[in-house]
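The values are calculated or read from the model by the stated rules, or taken from the named source; none is laboratory data. The model shown is predicted, which means the values in this text are computed figures rather than measured ones. Counting neighbours? That spans all protein chains shown, and the Cβs are built from the backbone with ideal geometry, glycine included. The accessibility values were calculated without ligands, DNA or RNA, using every heavy atom of the protein model including side chains. Shrake-Rupley method; radii C 1.70, N 1.55, O 1.52, S 1.80 Å.
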Amino acid sequence: MSEQEVHRHHHHRIKKKRRILKICIIIFILFFVASGVIIAKVYNETKSAIDVTYHKVKNKSERSASRTISNGKPFSILLLGTDTGDYGRTYTGRTDTMMVAVVNPNTKKTTLVSIPRDTEIAIPGHGFENKINSAYTYGGTSMAMNIMQSYLDVPIDHYIEMNMGGLVQLSSALGPIKVDNDLDFDSIGYHFKKGIVNINKNNILAYTRMRYQDSRGDYGRQLRQRLVLEGLVKKIATVQGISSYKDILSALSSNMKTDITFKEIKTIATKYRSADDVEQIQLQGYGKMIDGISFQVVPQKNVDAVTKELRTALELNK
């Protein structure tokens, strides 16, 4: 990616960053929405739900992640949206959504990079022509973290993993939301007109999973997922959302895993809550068929440009 392209993308991101709240901010708000009302009001129940989600994994990071949050330093998270739980699936699936977020309380900014799920990559022991989302299938969250930090050349301090079944439970707890849909399409027996549409527990997966009728492919699907997640966040922040906190916590504890502790989440709520200026970056590749399989091939210069922005956000060059 040339310097001009980086500046052009940066200008485009500034227009979007306050409008688009992605998974990292969503997860944080799910835990301490409305100035920490849930944590403050129902401390014990919230702590119990978060403790259930805690799962430590092996991660070959170049630094000690255990001290970054406690010291109020910038930290990174790998955000994984898996298709386990999607339409009743129970086996280990793949990661439909892969993002890397860097939260920096000093700059009051969260830098968020979306990684195409079909990105061509070499995976040790599995050959040179793999999709990056298959790392999770081969070796779970641990391999996904290690492959991502090797690919982007940035330390991955933590992870948050949520399966698609969690969207249905959250939608059931909160009720219908409205989204501004930019494409007229049919999916799994449901019709979605262009314009304002209602998304509920019955059609939420049909809306968020469709990609084959969209000329943008997976990029279009990621957009619809962001719209739905943003709508859920806004509803959680309402009186109705707060009153449904038990169902919200149940959905999270049943469908989410993370290596962020309850103590660290409380620290994030106090030291990092100002980092709500979201800068969105899309790692961009081009489609290519290799042995009959569709890949996204990302030029190294594009990877290098993203690496530079993430390492700057982590303040690694200081």
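Compare S150, S142 by solvent-accessible area with a 1.4 Å probe and give them largest first, with all protein chains kept in place.
On the way: S150 90, S142 30 Å².
Ranked from most to least accessible, the order is S150, S142.
Which whole-Hz ³J(HN,Hα) couplings does the stretch 77-82 yield from phi under the Karplus relation 6.51 cos²θ - 1.76 cosθ + 1.60, θ = phi - 60°, glycine and proline marked x?
9, 8, 9, 10, x, 9
Given H placed on each backbone N at 1.01 Å, which residues far from N181 in sequence or on other chains put an amide H within less than 5 Å of it?
Placed amide hydrogens put G195, I196, V197 under 5 Å from N181.
Amide H to amide H under 5 Å from F75: which residues, 5+ apart in sequence or cross-chain, H placed 1.01 Å off N in plane?
V103
Give, in nm to one decimal, the length gained when the segment between Y138 and K56 is fully stretched (0.36 nm per residue of separation minus the Cα-Cα distance).
Values: separation 82, 0.36 × 82 = 29.52 nm, distance 1.79 nm.
So the chain would gain 27.7 nm between Y138 and K56.
Once you've got the Cα coordinates, tell me which of K109/K257; K73/K234; K109/K271; K60/K263; K109/K178; K56/K271 are over 19 Å apart. Working shown, then result.
Numbers: K109/K257 24 Å; K73/K234 28 Å; K109/K271 12 Å; K60/K263 23 Å; K109/K178 27 Å; K56/K271 23 Å.
Long pairs (Cα-Cα over 19 Å): K109/K257; K73/K234; K60/K263; K109/K178; K56/K271.
Just flag the chymotrypsin sites (Phe, Trp or Tyr not before Pro) in the stretch 185-272 sitting in loop per DSSP whose Cβ has no more than 16 other Cβ atoms within 10 Å.
Values: sites: F185, Y190, F192, Y207, Y212, Y219, Y245, F262, Y272; in loops: Y212, Y272.
Answer by residue number: Y212.
By accessible area of protein heavy atoms, probe 1.4 Å, what ranking do D182, D214 get, highest first?
Working: D182 65, D214 10 Å².
The residues order as D182, D214, largest area first.
Please give the length that would be gained between S253 and E315 if that part of the chain were fully extended, namely 0.36 nm times their separation in residues minus their C-alpha to C-alpha distance (nm, one decimal). It would help to have the intermediate numbers written out before the result.
Values: separation 62, 0.36 × 62 = 22.32 nm, distance 3.26 nm.
Full-extension gain reported as 19.1 nm.
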